[in-house]
Amino acid sequence: MQIELNGQLVETEAANVAALLQERQIDAACVASAFNGQFLPRSRYESQPLEAGCRLEVLSPMQGG
């Protein structure tokens, strides 16, 4: 299926957010995510299903001042 990841269309077979992060080799412990414009708590990565056309933003926190 095709989804939007950080503004780019990508093809994935992942069933949920956790599987997508693993597929893309993104460490779930080091990112914050928004699903279709809403903050997605890390505790819901396994239970949040992906569907064609959904939008996922995955951000790494920045440190510094």
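The values are calculated or read from the model by the stated rules, or taken from the named source; none is laboratory data. Remember, predicted model here, so these are calculated numbers, not experimental data. Using ideal geometry, Cβ is built from the backbone for each residue, glycine included, and neighbour counts are taken over all protein chains shown. Surface accessibility is based on the protein's heavy atoms, side chains included, excluding ligands, DNA and RNA. Shrake-Rupley method; radii C 1.70, N 1.55, O 1.52, S 1.80 Å.
If we count every other residue with Cβ under 13 angstrom of GLY37's Cβ, Lys/Arg +1 and Asp/Glu -1, where does the sum land?
-1
State, as an integer percentage, the relative contact order of the chain based on alpha-carbon contacts under 8 Å between residues 6 or more apart.
42
Along the positive direction of the dipole of the chain (beta-carbon charges: Lys, Arg +1; Asp, Glu -1; about the Cα centre), which of GLY53, GLY7, ALA28 reaches farthest?
ALA28
About the Cα centre, and with charges only on the beta carbon of Lys, Arg (+1) and Asp, Glu (-1), how big is the dipole of the stretch 5-65? Nearest 20 debye, please.
Dipole magnitude for the stretch 5-65 comes out near 220 debye.
Counting only heavy atoms of the protein chains, get the accessible area per residue of the chain (1.4 Å probe) and round it to a whole Å² value.
With all protein chains present, the chain gives 67 Å² per residue.
For a quick check: with amide H placed at 1.01 Å from N, whose amide H comes under 5 Å from LEU50's, ignoring anything fewer than 5 positions away on the same chain?
For LEU50, whose amide H was placed from the backbone, the distant partners under 5 Å are ASN16, VAL17.
Let's test the formula: R0 of 22 Å, r as the Cβ-Cβ distance of ARG55 and ALA28. What FRET efficiency results, to the nearest 0.05?
Calculated transfer efficiency: 0.75.
Which of the chymotrypsin sites (Phe, Trp or Tyr not before Pro) across the chain are loop residues per DSSP, with 14 or fewer other Cβ within 10 Å?
In loop regions of the chain (DSSP not H, G, I, E or B), there are no sparsely surrounded chymotrypsin sites (Phe, Trp or Tyr not before Pro).
Where in the stretch 22-65 are there GluC sites (Glu not before Pro) that are in a DSSP coil and have at most 11 other Cβ atoms within 10 angstrom of their Cβ?
GLU51
Pop a pseudo-label 7 angstrom from the Cα along the beta-carbon direction at both ASN6 and GLU46 and give the gap in nm to one decimal.
Output for this residue pair reads 2.6 nm.
Pick out which of ALA52, ALA28, ALA19 has the largest mean-square fluctuation in a Gaussian network model of the chain, springs linking Cα atoms closer than 10 Å.
Per the Cα network of the chain with a 10 Å cutoff, ALA52 tops the list.
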